[in-house]
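Laboratory data are not the source of any read-out in this text; all were calculated from the coordinates shown. This structure is a prediction, so every number in the text was calculated from the model and none was measured. Here the Cβ is made from the backbone with ideal geometry for all residues, glycine too, and neighbour counts use every protein chain on show.
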Amino acid sequence: MNTMPDTNNPAEATHARSPGLHLPPSYIIILLAWSASVIALSMNGVFLPIDSMPPPAMPVAILLPPAIFLTAYRLMPSVRAWVASLDLAAVTALQSWRILGGVFMMLWFYDLLPALFAWPAGLGDVLVGLAAPWVTAAVIHKSPGWRRKSMALITAGLLDFVLAVTSGILTVAGGPLALEGEIGSNLVNAYPLVLIPALIVPIFIIFHLIAWIKISREFRD
């Protein structure tokens with residue numbers, strides 16, 4: 001099976017010979033500038049709900065970075081070279097960090113978040129995070145069904161994000177799913193917790209997309 005990138009571009013070939021998980025200096029600068037911008041906006045309340053509805057800034061913060069990544073991947077050989085240089089097992093292992101999403105359930109326990117948001121979002125993250133090491137091992141050892149397991153983890157992770165974001169939107173105080181007498185999900189729109197949906201989620205979505213691209217090439221090859 002051919003796992004080398006399908007390209008005649010010298011830059012892509014050079015990147016492909018050094019697999020791993022790394023960010024070029026220019027990407028680190030972009031990431032730092034992006035993070036600083038989101039933090040500044042968060043501290044100024046840009047992501048706080050308006051009249052029981054989340055502001056337009058939230059979906060933009062979540063969806064725009066992955067859209068920019070996909071556009072750059074399609075148009076820029078250097079981005080394709082970087083994606084080709086990444087190791088699928090390393091990208092998969094990153095999902096282990098999602099176990100920290102269990103903090104949402106802890107905040108529910110202390111009556112700081114509603115159950116309709118905290119449990120779907122928190123439990124989904126925990127399950128994806130717990131599954132990630134096992135799927136990573138399957139990818140490393142190329143055990144039977146490793147491609148299907150990897151694709152299943154990617155799909156589950158993306159669906160969990162959709163569920164978490166949707167439930168977070170609908171359970172803000174006064175929202176369609178906000179229960180009378182129960183606190184809304186407004187805390188997740190306030191700094192510093194808002195950095196999870198506004199910054200960390202789009203970063204993880206991009207790595208989900210990278211994994212999807214790489215596993216799709218594995219299926220094709």
So if each residue of separation counts as 0.36 nm, and I subtract the Cα-Cα distance between Ile39 and Arg148, what length gain in nm does that give?
35.5 nm
Counting only trypsin sites (Lys or Arg not before Pro) that are in a DSSP loop and have at most 13 other C-beta atoms within 10 Å, tell me the longest site-free stretch of the chain.
18-141
The range 122-170, Kirkwood Rh and Cα Rg, ratio Rg/Rh at 1.09
So for each of 171-183, 26-38, 84-96 I average, over its residues, the number of other beta carbons within 10 Å; can you give me the resulting order with the highest mean first?
84-96, 171-183, 26-38
What number, rounded to the nearest 500 deg cm²/dmol, is the helix-based mean residue ellipticity at 222 nm of the chain, given -39500 (n - 2.57) per DSSP H run of at least four residues and division by all its residues?
-20500 deg cm²/dmol
Compute the signed sum of charges (Lys and Arg +1, Asp and Glu -1) over the other residues within less than 11 Å, Cβ to Cβ, of Asp125.
0
Filtered chymotrypsin sites (Phe, Trp or Tyr not before Pro), the range 108-171: DSSP coil and at most 16 other beta carbons within 10 Å
Tyr110
Placing each pseudo-label 7 Å from Cα in the direction of the beta carbon, Tyr27 and Ser96 end up separated by a distance in nanometres of 2.0 nm
Can you match percent of Cα pairs over 32 Å apart to one of these, (i) 16; (ii) 28; (iii) 24, based on a calculation from the structure here?
(iii)
Return a whole-number percent for the relative contact order of the chain, with Cα pairs under 8 Å and 6 or more residues apart as the contact set.
28 percent
Taking H as built 1.01 Å from N, whose amide H comes closer than 5 Å to the amide H of Val172, not counting residues under 5 places away?
Ser185
